[in-house]
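The values are calculated or read from the model by the stated rules, or taken from the named source; none is laboratory data. Note that this is a predicted model, so its numbers are computed, not measured. Neighbour counts are summed over all protein chains in view; Cβ atoms, including those assigned to glycine, are modelled from backbone coordinates with ideal geometry.
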Amino acid sequence: MSSEEHQLYGDLAPWWPLMSSPGDYQEEAGIYSTLLEETCDGPAPKLLELGSGGGNNAVYMKRRFEQLVLTDLSESMLDVSRELNPECEHLQGDMRTVRLGRTFDAVFVHDAICYMKSREDLRQVADTAWVHCRPGGAALFAPDYLKETFPGSCSEQGGHDEQLAEGGLKEGEVCPRGLRYLSWCWDPDPTDDQYVTDYAYMVRERDGSVTVVHDRHIEGLFARSQWLEVLEGTGFEVKAVPLEHSEVEANVHEMFVAHRPT
Ligand SMILES: C[S@@+](CC[C@H](N)C(=O)[O-])C[C@H]1O[C@@H](n2cnc3c(N)ncnc32)[C@H](O)[C@@H]1O
């Protein structure tokens with residue numbers, strides 16, 4: 001798989017901060033940091049993120065960890081994150097196969113894990129996390145949904161306008177750049193391990209022109225027991241933990257916190 005499969009992480013990557021604003025990540029990034037710190041034996045200065053995208057979590061996690069290494073399949077998404085997190089190391093790599101030749105106290109895989117579309121993909125990511133996690137360290141996997149928590153057909157909308165720099169619009173410009181989206185999850189075949197998210201983006205330039213783009217993402221959907229089997233099979237001690245977030249309904253999202261035994 002390449003990121004070019006998804007226009008959002010290819011041509012549209014520079015628009016990512018208008019789709020998903022860093023400000024929306026503060027509370028959840030705090031929850032992830034605390035879980036990782038509490039699961040690690042001893043101090044946890046070094047964090048590796050797999051599938052770090054535009055670096056929205058990293059904006060907050062870099063305040064808790066001394067050293068963050070951010071990896072993603074898409075160079076265009078890494079470029080967005082480099083702007084936001086210039087003090088972090090950024091490396092291109094597929095979370096299934098990347099091997100950095102060093103270990104970390106904590107390994108974090110957020111919503112990018114949903115692009116693992118088979119149990120074999122999941123097993124490979126678990127291996128990547130294992131080889132980069134020191135004995136006594138922790139790994140956290142935070143999928144959007146499990147088979148048990150998938151809401152069926154559901155939609156969401158959002159987006160933002162850019163904050164104009166001092167001086168505002170230039171001659172000939174009529175509005176700030178903006179993006180609005182509608183995402184629509186559905187599952188064409190509930191017996192397999194995948195679901196579909198169709199995105200429609202409306203992308204507005206400063207001259208007021210708007211382009212509409214359709215982007216289909218095929219995402220993996222696994223049962224809690226499949227997750228536990230894969231992660232425990234790699235050697236981790238694993239707990240499934242509900243996400244308790246002020247803006248999220250209770251028991252909708254579940255994460256897997258893994259400890260690498262010494
Ligand atoms: C929703 S974005 C992540 C956003 C991120 N949580 C943030 O804080 O900005 C999903 C990311 O997964 C990445 N991705 C998809 N497949 C991947 C793979 N096999 N290995 C690494 N990254 C992958 C995409 O390039 C994209 O940047």
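What to note about this one:
- Lone qualifier among 84, 68 - being closer than 24 Å to residue 27 by Cβ, buried (at least 24 other Cβ atoms within 10 Å of the Cβ), more than 14 Å from the chain's Cα centre (by Cα) and within 13 Å of the ligand (Cβ to nearest atom): 68
- Unmet requirement for residue 102, which otherwise passes all of (1) away from the ligand (no atom under 13 Å from the Cβ); (2) outside any strand (DSSP E or B); (3) within 23 Å of residue 60 (Cβ to Cβ): (3)
- When 55, 42, 93, 51 are screened for being at pLDDT 95 or above, within 9 Å of the ligand (Cβ to nearest atom) and surrounded by fewer than 18 Cβ atoms within 10 Å (Cβ to Cβ), only 93 passes.
- Condition met for residue 28 (exposed (fewer than 15 other Cβ atoms within 10 Å of the Cβ) and more than 8 Å from the ligand (Cβ to nearest atom)): no
- Checking residue 213 against (1) in the same structural domain as residue 21 (by TED's automatic domain parsing); (2) more than 20 Å from the chain's Cα centre (by Cα), the condition it does not meet: (1)
- Condition met for residue 182 (of a type outside the set (Ser, Thr, Tyr), in contact (Cβ under 8 Å) with a residue 24 or more places away in the chain and in a loop (DSSP other than H, G, I, E, B)): no
- Residue count for the stretch 191-213 satisfying the condition of being closer than 14 Å to residue 180 by Cβ and in a strand (DSSP E or B): 10.
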